[in-house]
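The next block holds one structure in the form of structure tokens; read it before the comments.
Derivation of every value follows stated rules applied to the coordinates shown; laboratory data play no part. Just so it is clear, the structure is predicted and the values come from calculations on it, not from any experiment. Don't worry about glycine lacking a Cβ; one is built from the backbone with ideal geometry, like all the others, and counts go over all protein chains shown.
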There are 4 protein chains.
Amino acid sequence: MTLNMDLKALKKEVYEQNLELVSRGLVIYTWGNVSAIDRENNLVVIKPKGLEYDDLTADDMSVVDMDGNLIEGLLPSVDLDIHLEIYKAFPEVGGIAHTHSTWATAWAQACKGIPVMGTTHADHFYGEVPCVRQLTPEEVDGEYEKNLGLIIAETFKGRNPLEMGAVLAPGHGPFTWGKDAKASVEHSVILEEMAKMAKLSMDINGGAAPMLPDYMTTKHYTRKYGADAYFYQEK
Amino acid sequence: MTLNMDLKALKKEVYEQNLELVSRGLVIYTWGNVSAIDRENNLVVIKPKGLEYDDLTADDMSVVDMDGNLIEGLLPSVDLDIHLEIYKAFPEVGGIAHTHSTWATAWAQACKGIPVMGTTHADHFYGEVPCVRQLTPEEVDGEYEKNLGLIIAETFKGRNPLEMGAVLAPGHGPFTWGKDAKASVEHSVILEEMAKMAKLSMDINGGAAPMLPDYMTTKHYTRKYGADAYFYQEK
Amino acid sequence: MTLNMDLKALKKEVYEQNLELVSRGLVIYTWGNVSAIDRENNLVVIKPKGLEYDDLTADDMSVVDMDGNLIEGLLPSVDLDIHLEIYKAFPEVGGIAHTHSTWATAWAQACKGIPVMGTTHADHFYGEVPCVRQLTPEEVDGEYEKNLGLIIAETFKGRNPLEMGAVLAPGHGPFTWGKDAKASVEHSVILEEMAKMAKLSMDINGGAAPMLPDYMTTKHYTRKYGADAYFYQEK
Amino acid sequence: MTLNMDLKALKKEVYEQNLELVSRGLVIYTWGNVSAIDRENNLVVIKPKGLEYDDLTADDMSVVDMDGNLIEGLLPSVDLDIHLEIYKAFPEVGGIAHTHSTWATAWAQACKGIPVMGTTHADHFYGEVPCVRQLTPEEVDGEYEKNLGLIIAETFKGRNPLEMGAVLAPGHGPFTWGKDAKASVEHSVILEEMAKMAKLSMDINGGAAPMLPDYMTTKHYTRKYGADAYFYQEK
């Protein structure tokens, strides 16, 4: 019963956060996908594959176990295995979003990480947003999506994934994550804005990346998320 | 009777897909046109020329035969002959769209094809979106629109047009196609987004086009449209 | 009576076309102004100066004679004299619009005319959209707005102003015109789109302006507006 | 009583102007903040920190004295001390806005002031919008926000702050001000548009900043705000 109740709420959240990607202008057609994990029951809820948002309801969300077996709902997104590997590697992660948002994808297509050029970046991501290595032909011929997930996990080994909730897949686009689905989508929105600003400030600077001093990066990140953070309040 | 019934539905679809170009932000004023073909009766339905969308209804759509003779409705778009030549050359094509959308047109004005820089491109178009050769003064003085259609047909000779549903007319803008009018409009929308990303990733890369490896292009195209495609599902 | 009736209609048109600039995204706050002329009575209707659109009604539109004397309504836009000089120089012109729209203004700020890079341009403006010379300190100290109008008139001497319904004031922004206020606003909208495309296609082309062949320019302009035009139809 | 009545109105204005930043597209999530000052009672009203707009009402606005002590409402924005130093240094200033708007932030990230490239700029800001110097590690470790406010005050020493209602914090973003909160937000909106135009006209000009002649800058600024200004009227 509890399981079913929680699942219903999680499916609703995943459904709504998928729609949030659309209303924020990050996703057209069937592009993009959001998932969330129920850590207690080891179940992942994700957008079904290859269907338009107009055809989907919260009940249609795919529920799978950690091996990708379908528990209920429609067939899961083809990107499921990428999500699963990230969940397996990082117990802190509760939600994952993937988009082809314009500016973040442009950086991914250029195969370049996004260095910290300003406090907008430092307020949300602690350091350069990395672009992982390209997959080999063998990795693509094999379990393509799983291998991309493994490369992401490998890249972040030893890091706190909540301090860097975004990664670029080269030639592909961004994946973002956070403590839940809502946080993962917020990171997608912020990454897109940051990616645009970074490109524009580079241009204004004559092509070179104008770097924010490290002490500014640390100050801005820690005033929001550090041990002595003073940015937020509860109402 | 069947003919009339089918035509009515086709006119409605063509009308709606023309409006879809407007609501997607690809078309202002009277710019752009969408057509569809009834292969059984060899009739083409296309937006009438030189009238604002507010003045048009589904009934006004122009119906012509394969020689361009008006069967019913208002006078057809001046670009009719371009559409007709594409339909004649490619029996697989069921719908065609033409826009002056900003970023795709910028590539067309630069007289450059759009190389595959990412999976967003490879997911929908299998290879570089070609820019055809410019027409000669003689071709422009003659049957201008027909000649442009012939050049497009010539450029795609021997290819499966459904694997490359877009072309750029140099100094002009994009034409896209698909199995029906809806697919042709989707290709216009996706092409515009892709054209923007391609330009931005080139800039981030210092001007050079960052190419997606061929094996990635093939993987992404075929997971959606190949013999073993696993991207879509029916609900 | 007839005069009053016509004036009322003209004031309504000018009011609505001023609002059209806002809804098309070309104008924020009090920026921009549209006027129209009643050639029979030599009266010009123009947006009042220095008031937000929310505070204005059609009745508030300023009516002035050809010397700028206020006949009725609120005080006219500070740019009135620019409009008056254009009306005096070109009897074919029935309406004028001025905006600080982003991309056209960027060209104006660069003090560069916009060359014909594509058929979107050639469909509406027959040749390069000129940027006039900068005013001298003396011209600015004197009757600034009148002098700018005179420079525009001088630049277009001997040309049919309906074939080139746009000009850039250097360091300032675009002025557009047409047979009436609606046409002048359409030219502002199209100019903005064209200015954006031109900049982007230049970038894609490595900085150089990719020119449309002259025979293409002539073909596209004349199929819409030439003696043998075949683009438009009445419904 | 009077105090309470005025405060209520000021809190409403600050609340509405914070929302205006969102509806103008300058702010997402909790980014940005607007404040206003009651000079008679030396009280500042500012957006509370770390809460989404949906969770806030006018009554929640923070009221503080000139030392930052909370008088009523929720805890103030972490940027409060920046606002306070600006109010202390410039008695003419009645309202302050801070955003991370895309284009102005891109200039700030490039650590470059925005030179006067056109009359859109000169109409509202009399000269180059300055980018202040970066804070030292010591200044960041100390009272970070207060120190940024002091640097801004130092940069504007001896100037009339109403003639230059904007500044860029390097690697961070814009702060704007005016006679009241509404004016400060208008300056944020105009700065963003100007920052975009400046970047684009520089690009069109091959990278170099195309400067507006000084006599044009003075003419445009003074026809709106000089002793003999003739731009505005009351209705």
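Which of the GluC sites (Glu not before Pro) found in segment B:40-87 are in a DSSP loop and have at most 13 neighbouring Cβ atoms, other than their own, within 10 Å? For GluC sites (Glu not before Pro) across segment B:40-87 that sit outside H, G, I, E and B with at most 13 neighbouring Cβ atoms in 10 Å, the list reads B:E40, B:E52. Pairs of Lys residues in segment B:124-235 that lie 8 or more places apart, or on two chains, and have C-alpha atoms under 27 angstrom apart add up to 22. With 10 Å bins beginning at zero, the pair-distance distribution over Cα atoms of segment B:173-218 amounts to 25, 36, 33, 7 %. Residue-wise HN-Hα couplings along segment D:103-119, as the Karplus relation 6.51 cos²θ - 1.76 cosθ + 1.60 with θ = phi - 60° gives them from phi, are 6, 5, 5, 4, 5, 4, 5, 7, 6, 10, x, 9, x, 7, 9, x, 6 Hz; Gly and Pro carry x. For D:K112, a cut-off of 16 angstrom between C-alpha atoms picks up these aspartates and glutamates, skipping any fewer than 8 places away in its own chain: A:D203, D:E128, D:E192, D:D203. Residue-wise HN-Hα couplings along segment B:164-181, as the Karplus relation 6.51 cos²θ - 1.76 cosθ + 1.60 with θ = phi - 60° gives them from phi, are 9, x, 7, 8, 10, 8, x, x, 10, x, x, 10, 10, 8, x, 5, 8, 4 Hz; Gly and Pro carry x. Considering only B:D65, B:D79, B:D203, the mean-square fluctuation computed in a Gaussian network model of chain B, springs between alpha carbons under 10 angstrom, is largest for B:D203. Thinking of segment B:67-111 as a set of Cα atoms, what percent of all their pairs are more than 16 Å apart? Counting every Cα pair in segment B:67-111, those more than 16 Å apart make up 55 percent. Remark: segment B:91-145 is approximated by an ellipsoid whose semi-axes, taken from the C-alpha gyration tensor as √(5λ), come to 25, 16, 11 Å, largest first. In units of the rule-of-thumb radius 2.2 N^0.38 Å, the protein assembly as shown shows an alpha carbon radius of gyration of 0.99. Would you mind pulling out the separation of the Cα centroids of segment A:28-102 and segment D:1-67, in Å? So the separation of the two Cα centres works out to 40 Å.
Amide H contacts under 5 Å for D:I71: D:V63, D:V64, D:D65, restricted to partners 5 or more places along the chain or on a different chain, H placed in the peptide plane at 1.01 Å from N. Scaling against 2.2 N^0.38 Å puts the C-alpha radius of gyration of segment B:1-53 at 1.21. Using only Cα coordinates, the Kirkwood hydrodynamic radius of segment C:1-122 works out to 15.2 Å.
Taking 37 °C and 0.692 mPa s as conditions, chain B diffuses translationally at an estimated 181 µm²/s according to Stokes-Einstein applied to its Kirkwood radius (Cα pairs).
Using the Cβ-Cβ distance between D:D6 and C:K235 with R0 = 60 Å, the FRET efficiency computed as 1/(1 + (r/R0)^6) comes to roughly 0.50.
Using only alpha carbons, segment B:149-228 has a radius of gyration to Kirkwood radius ratio (Rg to Rh) of 0.99. Within straight-line reach of B:K8, meaning a Cα separation under 13 Å, sit the following aspartates and glutamates at least 8 residues removed in sequence or on another chain: B:E16, B:D38, B:D59, B:D60, B:E72. The chymotrypsin sites (Phe, Trp or Tyr not before Pro) of segment C:24-131 include none that meets both conditions, a loop assignment by DSSP and at most 10 other Cβ atoms within 10 Å of the site Cβ. Summing Cβ point charges (Lys, Arg +1; Asp, Glu -1) relative to the Cα centre of chain C gives a dipole of roughly 840 debye.
Peptide C:202-208 is shielded by partner chain Cβ atoms: per residue, an average of 6 of them sit within 10 Å of its Cβ. Show me the GluC sites (Glu not before Pro) within segment A:152-235 that DSSP assigns to loop and that have at most 10 other Cβ atoms within 10 Å of their Cβ. Answer in residue order: A:E234. Derived scalar couplings between HN and Hα for segment C:210-220 equal x, 7, 6, x, 4, 5, 6, 4, 5, 4, 5 Hz in order, rounded to whole Hz, by the Karplus curve 6.51 cos²θ - 1.76 cosθ + 1.60 (θ = phi - 60°), x for Gly and Pro.
Taking Cα centre as origin and charging only the Cβ of basic (Lys, Arg, +1) and acidic (Asp, Glu, -1) residues, the dipole magnitude of the protein assembly as shown rounds to 1360 debye.
Using only the alpha carbon atoms of segment B:193-235, find the Kirkwood hydrodynamic radius as the inverse mean reciprocal pair distance, in angstroms to one decimal.
Details: mean 1/r = 0.0816 Å⁻¹.
12.2 Å is the Kirkwood radius here.
Entry note: segment C:78-191 has Rg to Rh equal to 0.94, where both radii use alpha-carbon atoms and Rh is the Kirkwood radius.
With the alpha-carbon atoms of segment D:34-90 aligned to their principal axes, the span from lowest to highest coordinate is 33, 19, 16 Å, starting with the largest. Each of A:I46, C:I151, C:I28, D:I71 was scored by other Cβ atoms within 10 Å of its Cβ. Arranged with the fewest first, they read D:I71, C:I28, C:I151, A:I46.
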